[in-house]
1. Inside region 65-94, can you point out the residues that are among the aliphatic types (A, V, I, L, M) and either farther than 16 Å from Pro114 by Cα or surrounded by 15 or more Cβ atoms within 10 Å (Cβ to Cβ) (or both)?
2. Only residues that are at pLDDT 95 or above, on the phi > 0 side of the Ramachandran plot and out of contact with any Asp or Glu (no Cβ under 7 Å at 6 or more places or on another chain): list them for region 66-107, please.
3. Identify, by number, the condition in (1) open to solvent by less than 30 Å² (accessible area, probe 1.4 Å); (2) more than 13 Å from Pro23 (Cβ to Cβ) that Glu47 doesn't meet.
4. Read through the list (1) polar (S, T, N, Q); (2) exposed (fewer than 11 other Cβ atoms within 10 Å of the Cβ); (3) under 25 Å from Ser20 (Cβ atoms), then give the number of the only condition that Asn58 fails.
5. Testing Trp40 on (1) open to solvent by less than 50 Å² (accessible area, probe 1.4 Å); (2) without any contact (Cβ under 8 Å) to a residue 60 or more places away in the chain; (3) in a strand (DSSP E or B), one condition comes back false. Which one is that?
6. Do you know which residues across region 95-122 are open to solvent by less than 30 Å² (accessible area, probe 1.4 Å) and either under 19 Å from the mean Cα position of the chain (by Cα) or closer than 13 Å to Val38 by Cα (or both)?
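The values are calculated or read from the model by the stated rules, or taken from the named source; none is laboratory data. Keep in mind the model is a prediction, meaning the values are calculated, not measured. Note: ideal-geometry Cβ built from the backbone for every residue, glycine included; neighbour counts use all protein chains shown. Side chains are part of the model used for accessible areas, which takes the heavy atoms of the whole protein and leaves out ligands, DNA and RNA. Shrake-Rupley method; radii C 1.70, N 1.55, O 1.52, S 1.80 Å.
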Amino acid sequence: GSCNGGWETAYVQATDKTYSARPEILSVTPLNSKMIQVTWRDNSSDETGFELEVLAWNGKYANVTTLGAGVTTYTDTEAIDPAKTYTYRVRAFRVIGQETDRSPYSTPVSATTPALVATDTTCEPSPP
(Lines give C-alpha, C1' and ligand atoms only; values in the text may rest on other atoms or scores of the structure.)
Protein backbone atom coordinates (compact mmCIF):
# COMPACT_ATOMS: atom_id res chain seq x y z
CA GLY A 1 0.00 0.00 0.00
CA SER A 2 1.01 3.61 -0.48
CA CYS A 3 1.92 5.88 2.41
CA ASN A 4 -0.31 8.74 1.28
CA GLY A 5 -2.62 10.13 3.93
CA GLY A 6 -2.04 7.53 6.60
CA TRP A 7 -4.23 7.40 9.68
CA GLU A 8 -5.23 11.05 9.40
CA THR A 9 -7.05 10.51 6.11
CA ALA A 10 -8.69 7.36 7.41
CA TYR A 11 -9.70 9.16 10.59
CA VAL A 12 -11.21 12.10 8.72
CA GLN A 13 -13.12 9.73 6.44
CA ALA A 14 -14.33 7.69 9.40
CA THR A 15 -15.48 10.68 11.44
CA ASP A 16 -16.21 13.05 8.55
CA LYS A 17 -14.40 15.85 10.39
CA THR A 18 -11.59 18.11 9.42
CA TYR A 19 -10.02 20.48 11.89
CA SER A 20 -8.82 24.03 11.51
CA ALA A 21 -5.05 24.21 11.25
CA ARG A 22 -3.22 24.72 14.53
CA PRO A 23 -2.18 28.35 15.14
CA GLU A 24 1.42 29.11 16.11
CA ILE A 25 2.44 31.64 18.77
CA LEU A 26 4.97 34.07 17.32
CA SER A 27 5.69 36.13 20.44
CA VAL A 28 4.76 36.66 24.07
CA THR A 29 5.94 40.15 24.98
CA PRO A 30 5.60 41.96 28.31
CA LEU A 31 4.62 45.57 27.52
CA ASN A 32 5.30 46.45 31.16
CA SER A 33 4.96 44.70 34.53
CA LYS A 34 1.14 44.49 34.19
CA MET A 35 0.51 43.73 30.50
CA ILE A 36 1.58 40.93 28.18
CA GLN A 37 0.94 40.95 24.45
CA VAL A 38 0.51 37.58 22.74
CA THR A 39 0.79 37.36 18.95
CA TRP A 40 0.16 34.25 16.87
CA ARG A 41 0.01 33.12 13.26
CA ASP A 42 -3.44 32.26 11.94
CA ASN A 43 -2.79 29.08 9.94
CA SER A 44 -6.42 28.39 9.10
CA SER A 45 -8.95 30.13 6.89
CA ASP A 46 -12.04 28.43 8.29
CA GLU A 47 -11.96 29.16 12.01
CA THR A 48 -14.82 30.74 13.94
CA GLY A 49 -12.25 32.16 16.35
CA PHE A 50 -9.45 31.47 18.80
CA GLU A 51 -9.25 30.41 22.45
CA LEU A 52 -6.27 31.85 24.35
CA GLU A 53 -5.22 30.13 27.58
CA VAL A 54 -2.63 30.83 30.27
CA LEU A 55 -0.92 28.34 32.57
CA ALA A 56 -2.35 28.86 36.07
CA TRP A 57 -0.62 28.41 39.43
CA ASN A 58 -2.13 24.91 39.79
CA GLY A 59 -0.44 23.62 36.63
CA LYS A 60 -3.64 23.69 34.57
CA TYR A 61 -4.44 26.03 31.70
CA ALA A 62 -7.22 28.57 32.18
CA ASN A 63 -9.12 30.42 29.46
CA VAL A 64 -7.99 34.04 29.10
CA THR A 65 -10.32 35.06 26.30
CA THR A 66 -12.14 33.90 23.20
CA LEU A 67 -11.48 35.96 20.08
CA GLY A 68 -13.02 36.19 16.64
CA ALA A 69 -11.82 34.80 13.32
CA GLY A 70 -8.68 36.38 11.91
CA VAL A 71 -7.61 37.95 15.24
CA THR A 72 -3.89 37.36 15.80
CA THR A 73 -2.99 39.45 18.83
CA TYR A 74 -4.26 39.99 22.35
CA THR A 75 -3.00 42.05 25.28
CA ASP A 76 -3.57 40.30 28.60
CA THR A 77 -4.08 42.67 31.54
CA GLU A 78 -5.93 40.28 33.88
CA ALA A 79 -4.06 39.51 37.10
CA ILE A 80 -0.61 40.04 35.59
CA ASP A 81 2.01 40.53 38.31
CA PRO A 82 5.52 42.00 38.09
CA ALA A 83 8.53 39.67 37.80
CA LYS A 84 6.48 36.54 37.09
CA THR A 85 6.59 34.09 34.22
CA TYR A 86 3.43 33.49 32.18
CA THR A 87 2.94 30.69 29.67
CA TYR A 88 0.31 30.95 26.92
CA ARG A 89 -1.16 28.63 24.34
CA VAL A 90 -3.82 29.20 21.69
CA ARG A 91 -6.06 27.04 19.52
CA ALA A 92 -8.50 27.67 16.72
CA PHE A 93 -12.12 26.57 16.93
CA ARG A 94 -14.84 26.25 14.36
CA VAL A 95 -18.57 26.03 14.99
CA ILE A 96 -20.50 23.88 12.53
CA GLY A 97 -24.19 23.58 13.34
CA GLN A 98 -24.41 22.21 16.89
CA GLU A 99 -20.79 21.05 16.98
CA THR A 100 -17.54 22.82 17.78
CA ASP A 101 -14.31 21.50 16.32
CA ARG A 102 -11.07 22.60 17.99
CA SER A 103 -7.59 22.52 16.53
CA PRO A 104 -4.66 21.13 18.50
CA TYR A 105 -3.04 23.68 20.81
CA SER A 106 -0.09 25.76 19.70
CA THR A 107 3.26 25.07 21.31
CA PRO A 108 3.22 26.96 24.64
CA VAL A 109 5.36 30.12 24.81
CA SER A 110 6.47 31.90 28.01
CA ALA A 111 7.62 35.35 29.00
CA THR A 112 8.58 36.98 32.29
CA THR A 113 7.24 40.39 33.24
CA PRO A 114 9.73 43.03 34.38
CA ALA A 115 9.85 44.48 37.87
CA LEU A 116 7.20 47.04 38.76
CA VAL A 117 7.73 50.59 37.60
CA ALA A 118 5.60 53.26 39.29
CA THR A 119 4.20 54.49 35.96
CA ASP A 120 3.01 51.04 34.78
CA THR A 121 -0.68 50.84 33.98
CA THR A 122 -2.97 48.38 32.24
CA CYS A 123 -4.01 51.02 29.71
CA GLU A 124 -3.03 50.12 26.17
CA PRO A 125 -0.75 52.70 24.56
CA SER A 126 -2.76 54.98 22.29
CA PRO A 127 -1.96 54.73 18.60
CA PRO A 128 0.47 57.39 17.35
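1. Within region 65-94, the first condition is being among the aliphatic types (A, V, I, L, M), and the residues that meet it are 67, 69, 71, 79-80, 83, 90, 92.
Once the filter is applied, which keeps residues that are among the aliphatic types (A, V, I, L, M) and either farther than 16 Å from Pro114 by Cα or surrounded by 15 or more Cβ atoms within 10 Å (Cβ to Cβ) (or both), region 65-94 yields Leu67, Ala69, Val71, Ile80, Val90, Ala92.
2. Ala83
3. Glu47 satisfies all of (1) open to solvent by less than 30 Å² (accessible area, probe 1.4 Å); (2) more than 13 Å from Pro23 (Cβ to Cβ) except (2).
4. For Asn58, the failing item is (3).
5. The one condition Trp40 does not meet is (2).
6. Within region 95-122, the first condition is being open to solvent by less than 30 Å² (accessible area, probe 1.4 Å), and the residues that meet it are 101, 103, 106, 111, 113, 120.
Passing the criteria: Asp101, Ser103, Ser106, Ala111, Thr113.
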